[in-house]
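S.K.: The following block contains the structure, expressed as structure tokens.
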Amino acid sequence: MLPSPHSSSSSSEEKLATMEPQSPSTLPVFHIENVSCFYGRHKALEGVYMDIYEGKVTAIIGPSGCGKSTFLKILNRIGEMESNVRVDGKVQLLGKNIFARDINLNLLRRQVGMIFQHPNPFAMSIYDNVAYGIRTFHRLSRPALDEAVESALRSAALWDEVKDSLHQSGLALSGGQQQRLCIARALAVKPKVLLMDEPCSALDPIATLKIEELIQGLKQQLTIVIVTHNMQQAARVSEYTAFFSTDERRIGQLVEFDLTQKIFTEAEQPSTRDYVAGRFG
Amino acid sequence: MGFAVAPSTESSSLLTSSSTDDSLENAGKLPFLRTLLGDGGFKSLTFVAALIAGAVPFFVVALISRDAWPAIAKFGLPFLWEQDWNIDESIYGALPYLFGSLVSAFIALVLALPIGVAIAIVTSERVLPPWVQIPIAFLVELIAAIPSVIIGLWGVFVFTPAINPFQEFLYARFGWLPIFNTQPFGSSMLVAGIILAIMILPTIAAISREAFLAISADLRNGAFALGATQWETIIFVTMPAAISGILGGATLGLGRALGETMAVTMVIGNVAGIDFSLLSPGSTIPSILANQFSEALDPLHIGALMYLALVLFLITLGVNSLAIFMIRFLSRNA
């Protein structure tokens, strides 16, 4: 049985209150307060409270249709590009309200990069893919640009595989390489946060492993929020885990948010324990 | 228990009925159509229909070539670059018509391509709300439904008089340019090109729109997620991904412009000759075919017209094949 919506949302508020003292050393990058999301008249997500900590990997897990991707796409305000999407509530990025009227969406998205479910390299060369984001904001000299492209490709663990074919089409790479190219492209603009929307769901196990290793290395430089349907992946890569689920009105809710270790061993909510143990639905 | 037994009796009855003469007797009682067109009959019927459809282009080429033969035998390939077309002296050359066809179609393409791509962007990208986009896309596609003779009538009685002051202006102001150095009097290559541009606009817009719509939302979002603006996304990310569809649409439009007859014949002036001024009247292959066919009696004259038709057919066949190739195969790889 699922807990009633009231108990679940109020408990996640309590959870958050108890969470904060546990991690005094890290600042929240994102402070999320009472966020709801609507597709037309349908409420997809209700009353989410969460803090996302700097330099940590936060995993978002839950059954399909529970609003995990919807939630992720609120953080860089890309979900609202689709028509009739409306977001209520408060989201602060480093203390600044991202829904403020004076916010520059292009600058926001530059700080909050995103990796998508299916690798989406642009129809241009590997080099141009990585240089694309840099070029839209800065006019660099050729050597400086070369260096920035190389460093982004190195950070994405792709440099050694593509250094001799930088001017070939990005579409000619394998799926896993394409996804790492997309990561390099996102890293090239030096974001503070990287949102990953099921980045491995279209990849084979070996390519998945490479991306997971990459995530471990990247958290030295930035904060990562990763949506995944793979619980082992969440357990392997993240420090914090948020469990989303739907209530009987089919509205997405944050059920529980805690240290990953705690979620997977001694979660407080019965529905979290059931989901983590694979006894869900 | 009874249920478990039933299948075994059924299967045994099936076995016996198919192994005895009963089944053959039953076949005789089948409905007439069923015996006539079993699956095999239906297959052969569709195969024959497909074969006939596929044979039509070859049949057309064969017939045109047969009637064109007197001219092909007499003039050979030089027909393509001879300028004279004199019925009394039985001298025929295709160049003025070839030139007129290519120039008018090229003007149409230059004018229609940017506007068509703009329409495609406005009606497919998230620039305008859907309740504006869908009617615009529908209305543009509706242009293709206007019979060309109506566009021709509109061209003669409305558009040509309206545009003539502009042609006068071009002559007065830019007459020093070779492309505007003749006195305009209404009908001209330029007017024909503009009319053609209107006619091929829906083709280019619709196919480019399809190409834009086929691009996954993730690709656009990938650019937005890097902080790109909508225009940067469209011009540097979406358009390169849609380029094969756009060029395919442009090529298909070019093919249509080359073959268009009625509206062009009505506004181009039908003067044979090669003049580089766009303000001077001209003629195209379809326009001379439409103008002279009813009065051609001499087999050589008919042959020359048929030869022209064959040349036009080969050009449009090539252009359209190229377009289909670009739309089908190149966009799949993108």
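S.K.: Give the residue, chosen from B:151, B:163, B:134, B:121, that is under 16 Å from residue B:210 (Cα atoms), in a helix (DSSP H, G or I) and open to solvent by less than 50 Å² (accessible area, probe 1.4 Å). Please lay out each step first, then the result.
M.R.: Working: B:151 fails: under 16 Å from residue B:210 (Cα atoms); B:163 fails: under 16 Å from residue B:210 (Cα atoms); B:134 fails: open to solvent by less than 50 Å² (accessible area, probe 1.4 Å).
It is B:121.
S.K.: Next up: Given the options B:82, B:141, name the one that is open to solvent by 70 Å² or more (accessible area, probe 1.4 Å), among the acidic types (Asp, Glu) and over 20 Å from the mean Cα position of the chain (by Cα).
M.R.: Values: B:141 fails: over 20 Å from the mean Cα position of the chain (by Cα).
Exactly one residue qualifies, and that residue is B:82.
S.K.: Further, regarding this structure: Given the residues B:247, B:254, which is the only one that is hydrophobic (A, V, I, L, M, F, W, C), within 14 Å of chain A (Cβ to nearest Cβ) and open to solvent by 20 Å² or more (accessible area, probe 1.4 Å)? Walk me through it before giving the result.
M.R.: Numbers: B:254 fails: within 14 Å of chain A (Cβ to nearest Cβ).
Going through B:247, B:254 in turn, just one is hydrophobic (A, V, I, L, M, F, W, C), within 14 Å of chain A (Cβ to nearest Cβ) and open to solvent by 20 Å² or more (accessible area, probe 1.4 Å): B:247.
S.K.: Can you tell me which residue among A:89, A:47, A:62 is open to solvent by 40 Å² or more (accessible area, probe 1.4 Å) and either out of contact with any Lys or Arg (no Cβ under 6 Å at 6 or more places or on another chain) or away from chain B (no Cβ under 14 Å) (or both)? If you could, list the steps in order and put the result at the bottom.
M.R.: Working: A:47 fails: open to solvent by 40 Å² or more (accessible area, probe 1.4 Å); A:62 fails: open to solvent by 40 Å² or more (accessible area, probe 1.4 Å).
After ruling out the rest, the residue left standing is A:89.
S.K.: Hey, among B:224, B:169, B:212, B:236, which residue is hydrophobic (A, V, I, L, M, F, W, C) and surrounded by fewer than 17 Cβ atoms within 10 Å (Cβ to Cβ)? Can you show your working first?
M.R.: Details: B:224 fails: surrounded by fewer than 17 Cβ atoms within 10 Å (Cβ to Cβ); B:212 fails: surrounded by fewer than 17 Cβ atoms within 10 Å (Cβ to Cβ); B:236 fails: surrounded by fewer than 17 Cβ atoms within 10 Å (Cβ to Cβ).
Just a single option satisfies the conditions, and that option is B:169.
S.K.: Now, a different point. Based on what the data block shows, is residue A:120 more than 8 Å from every other protein chain (Cβ to nearest Cβ), among the polar types (S, T, N, Q), within 17 Å of residue B:227 (Cα to Cα) and touching a residue at least 40 places away in the same chain (Cβ under 8 Å)?
M.R.: Working: more than 8 Å from every other protein chain (Cβ to nearest Cβ): no; among the polar types (S, T, N, Q): yes; within 17 Å of residue B:227 (Cα to Cα): yes; touching a residue at least 40 places away in the same chain (Cβ under 8 Å): yes.
Judged against the criteria, residue A:120 is not a match.
S.K.: Name the residues in segment A:74-103 that are outside any strand (DSSP E or B), within 21 Å of residue A:28 (Cα to Cα) and more than 15 Å from the chain's Cα centre (by Cα), would you?
M.R.: Within segment A:74-103, A:94, A:95, A:98, A:99, A:100, A:103 meet the criteria.
S.K.: Further question: In the set A:53, A:39, which member is of a type in the set (Phe, Trp, Tyr), away from chain B (no Cβ under 11 Å) and open to solvent by 10 Å² or more (accessible area, probe 1.4 Å)?
M.R.: Checking each option against the conditions leaves just A:39.
S.K.: Of all residues in segment B:283-320, which are assigned to a helix (DSSP H, G or I) and open to solvent by 60 Å² or more (accessible area, probe 1.4 Å)?
M.R.: As a first pass, look at segment B:283-320 and keep what is assigned to a helix (DSSP H, G or I): B:285-295, B:299-320.
Correct list: B:291, B:293, B:294, B:295, B:299, B:314, B:317.
S.K.: Does any residue in segment A:95-115 that is away from chain B (no Cβ under 12 Å) come within less than 9 Å, Cβ to Cβ, of a residue that is in a loop (DSSP other than H, G, I, E, B) six or more places away or on a different chain, and which pairs are these?
M.R.: A:96/A:103; A:97/A:103; A:98/A:76; A:98/A:77; A:99/A:77; A:103/A:77
The values are calculated or read from the model by the stated rules, or taken from the named source; none is laboratory data. Owing to the predicted nature of the structure, the values given are computational and were not obtained by experimental measurement. With ideal geometry, Cβ positions are generated from the backbone for all residues, glycine too; neighbour counts draw on all protein chains shown. For the accessible areas, the whole protein counts, side chains as well, though only heavy atoms, and no ligand, DNA or RNA atoms are used. Shrake-Rupley method; radii C 1.70, N 1.55, O 1.52, S 1.80 Å.
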